[in-house]
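The structure under discussion appears below in the form of C-alpha cells.
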Amino acid sequence: MATLIHTLADHSDDVNYCAFSSLYLATCSLDKTVRVYSLKDFTELPYSPLRCHTYAVHCCCFSPSGQLLASCSTDGTTLLWGSGDGRLRAVLRQPSRSPVRVCRFSPRAAHLLAGAADGSLVLWDTQTLKLYRSGNVKDGSLVACAFSPNGNFFVTGSSCGDLTIWDDKMRCLYNEKAHDLGVTCCDFSSQPISDGEHGFTYFQMASCGQDNQIKLWLILFTDVLGVELKYKCTLTGHSAPVLACAFSYDGQMLVSGSVDKCVIIHETSTANTLHTLSQHTRYVTTCAFAPCSPLLATGSMDKTVNIWQLDLKQPCAGNTVENESKVAVEDWSEDDVSAWLCAQDLADFVELFKMNNIDGKQLLNLTKESLTNELKIESLGLRSKVLQKIEELRVKVSSVPVAIPDEFLCPITRELMKDPVIAADGYSYEKEAVENWISSKRRSSPMTNLPLASLMLTPNRSLKMAIARWLETQQK
C-alpha cells in the first residue's frame with residue numbers, strides 16, 4: 001500500500017526532478033531554484049532555496065555520501081553545493097555552453113557526469129573540479145544517464161531513442177535503438193541478477209520513452225567478454241509518454257511517471273502493477289525512492305512534490321548483510337554502510353557515520369575505542385549494540401568463500417577453466433568439456449542450442465592469462 005503523507009508546494013513552476021539522500025530530499029524546477037528538505041519532518045532547510053542558476057533547473061542529484069548536491073540548468077552550468085550548509089562549491093560550465101539536461105555522480109563520487117541538449121557529455125573530476133573526459137552521443141539531445149552500481153560503465157539515453165553504453169574512460173562500447181520516439185529516463189537497479197543457467201551476473205536497467213513504454217534490460221559487462229545488452233521485458237500500464245522511472249533501493253520495485261498524470265509502481269520480478277497513484281493534476285515528470293526509508297517522491301508540472309509512505313516489511317534493503325556476497329563489504333561505499341545501518345535498526349547513526357566518512361573497510365575495523373574516542377558514542381548500550389552488529393558482519397564475511405568471476409567458469413562444467421577455448425558460437429569453454437560435448441554428436445552450441453557453424457576450437461590465451469593473474473591474487 002502507498003499512502004500520501006505530505007505534499008510540498010513551494011515551487012512556483014513545473015517540478016523537473018527530485019532526488020533523495022539518506023537525510024534529505026532535493027527538488028528542482030523551471031522556477032530556477034533547488035529546494036532541500038529534511039526527511040525527519042519534510043521542513044525546508046534554512047539555506048533553501050538555492051538560487052544561483054539563471055534559467056530553469058532540469059536535474060539534481062546527491063553524491064553517494066550525501067555530502068554534495070549537484071544541479072544543472074538551461075544556463076549551461078552544473079553547480080556543486082554542500083548539502084549540509086548549502087554553500088556553492090563549484091560552477092562547472094559545459095564546454096559547448098549548451099543547456100545541461102541531466103547530471104549524475106559515479107558510485108564512488110570520483111566523477112560527475114553532465115549531459116547537454118547538443119548531445120555533449122562531460123565527466124568532471126570532483127576532486128580537482130576539472131574536465132576529465134568528454135564525448136558526444138551519435139544523434140539528438142542527451143536527456144538521460146545512469147551509472148552501473150560498480151561504476152565500471154554508464155548508460156546515456158538520447159532524444160533520438162538510442163541507449164549508449166560507455167566505459168569509465170568515455171569510450172563508446174555499445175549503441176542500440178531502444179525507444180522509437182526518444183528516451184526520457186533510465187535507471188540501474190543496485191542489485192545484480194544471477195543467471196543460474198549460464199552463471200553470469202547481470203546488471204538490471206530500466207528505460208522509458210515517448211513511445212509510452214518502460215523496458216527492462218540486462219547488461220553483462222566483463223573485461224574479457226566485453227559488453228552485452230539484452231532486452232528482458234516491457235512494463236505496461238501507461239497510456240501516454242513515460243517521463244520518469246526509478247528502481248527501489250532493493251531492486252524489487254520500479255516506479256514510473258507519465259504524461260497521463262499517473263504514477264505506477266511495478267514489481268520487477270513479475271512485471272505486475274502493484275499500485276497506480278493518480279493524485280497529480282498534470283504531467284508527472286520525476287519520481288524517486290528513498291535509500292533508507294520506505295518513502296517515494298513524485299514531482300509534477302502541477303508544481304507539487306508528493307511524498308508517499310510505502311507499506312514494506314523491510315523498509316531499507318540496500319546492500320545489507322544478505323547481499324554482501326554480491327558486493328564485498330570492504331568495497332561498500334558510505335551509502336552502502338548507511339543502508340546497512342538502517343537495516344540493523346541503527347538509522348540514528350547514519351549522519352554520524354557519514355560525517356566521519358565510514359565506508360565498508362573502515363566499518364569492519366571499528367573498535368570499542370574508536371566508537372568512544374573518534375565517533376564520540378557515549379552510551380555504553382549503543383556502543384555495545386553497534387559492536388555486536390559489526391561482529392556479526394565480520395563473522396558473516398569471513399564465512400563467505402571468494403567468488404570465482406563468472407567469466408572464468410566453464411558454462412558446461414561450472415568449474416574454473418584451465419585450458420579455455422573459443423567455439424564457433426563466440427563463447428569460451430574448458431577444452432575437454434566442449435570436446436566431449438561435440439563428440440557426443442551434439443553439434444549445437446551449449447549456450448544457445450543453435451547449430452555450430454564450425455567445430456573448430458581456438459585457444460583463448462587472453463582469458464587463460466586473466467585466470468592465471470586472478471589465481472595469483474588469491475594466493476597472496
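The values are calculated or read from the model by the stated rules, or taken from the named source; none is laboratory data. None of these values were measured; they are calculated from a predicted model. Glycine also receives a Cβ, built like all others from the backbone with ideal geometry; neighbour counts cover every protein chain displayed. Remember, those area values only see protein heavy atoms, side chains included, never the ligands or the DNA or RNA. Shrake-Rupley method; radii C 1.70, N 1.55, O 1.52, S 1.80 Å.
Points worth noting:
- Treating each Cα of the stretch 329-398 as one equal point scatterer and applying the Debye formula with no solvent, the log10 of I(q)/I(0) at q = 0.18, 0.24, 0.25, 0.27 Å⁻¹ comes out as -0.61, -1.17, -1.28, -1.53.
- Label point distance in nm, Gln309-Glu374, each placed 7 Å from Cα along Cα→Cβ: 3.7
- Dimensionless Rg/Rh of the chain - Kirkwood Rh, Rg from C-alpha atoms: 0.99
- The residue list Ile358, Val143, Ile193 was ranked by how far each Cα lies along the charge dipole of the chain toward its positive end, using unit charges on Cβ atoms, and Val143 comes out on top.
- For the peptides 100-111, 166-177, residues were scored by their other Cβ atoms within 10 Å and the scores averaged per peptide; the highest-first order is 100-111, 166-177.
- Apportionment of accessible area to carbon and sulfur, the stretch 329-398, percent (1.4 Å): 46
- Spin-label pair Ser384/Thr473, simplified geometry with 7 Å Cα→Cβ offset, distance in nm: 4.1
- FRET efficiency, 1/(1 + (r/R0)^6) with R0 30 Å, evaluated for Ala110 and Lys138 via beta carbons: 0.70
- Dipole magnitude (debye, nearest 20) for the stretch 406-475, charges at Cβ of Lys, Arg, Asp, Glu: 200
- Distance in nm between pseudo-label sites at Lys232 and Asn272 (7 Å out along the Cβ direction from Cα): 1.7
- Theoretical ellipticity at 222 nm over the chain - DSSP helices of four or more residues, -39500 (n - 2.57) apiece, nearest 500: -4500 deg cm²/dmol
- Database remark: amide H of Ser444 closer than 5 angstrom to the amide H of Leu452 (H placed geometrically; neighbours at sequence offset of 5 or more, or on other chains; Pro and chain starts carry no H).
- Charge tally for Tyr429 (other residues, Cβ to Cβ under 10 Å; Lys, Arg +1; Asp, Glu -1): -4.
- Treating r as the C-beta distance of Glu415 and Phe42 and R0 as 41 Å, the FRET efficiency rounds to 0.15.
- The calculated FRET efficiency for the pair Ser462 and Thr128, based on their C-beta separation and a Förster distance of 41 Å, comes to about 0.75.
- Working from Cα pairs under 8 Å separated by at least six residues, relative contact order for the chain is 10 percent.
- Between Arg171 and Asp13, residue separation times 0.36 nm minus the direct Cα-Cα distance comes to 53.1 nm.
- The charge dipole of the stretch 2-310, taken about its Cα centre with unit charges on the Cβ atoms of Lys, Arg (+1), Asp and Glu (-1) only, comes to about 720 debye.
- Positive contributions from Lys and Arg (+1) and negative ones from Asp and Glu (-1), summed over other residues with Cβ under 14 Å from the Cβ of Asn175, come out at -2.
- Annotation: amide H-H contacts under 5 Å for Thr285 (H modelled 1.01 Å from N, sequence separation of 5 or more, or interchain): Gly299, Ser300, Met301.
- Non-local lysine pairs in the stretch 2-310, meaning eight or more places apart or on different chains, with alpha-carbon distances under 18 Å, amount to 10.
- For peptides 235-242, 455-462, 30-37, 285-292, sequence by mean Cβ density within 10 Å, most packed first: 285-292, 30-37, 235-242, 455-462
- The residues of the stretch 406-475 present an accessible area of 62 Å² per residue when probed at 1.4 Å with all protein chains retained.
- Ordering Pro241, Leu296, Gly157 by Cα displacement along the dipole of the chain toward the positive end leaves Gly157 in first place; charges were set at the Cβ atoms of Lys, Arg (+1) and Asp, Glu (-1).
- Ranked by the mean number of other Cβ atoms within 10 Å of their residues, highest first, the peptides 39-52, 339-352 come out as 339-352, 39-52.
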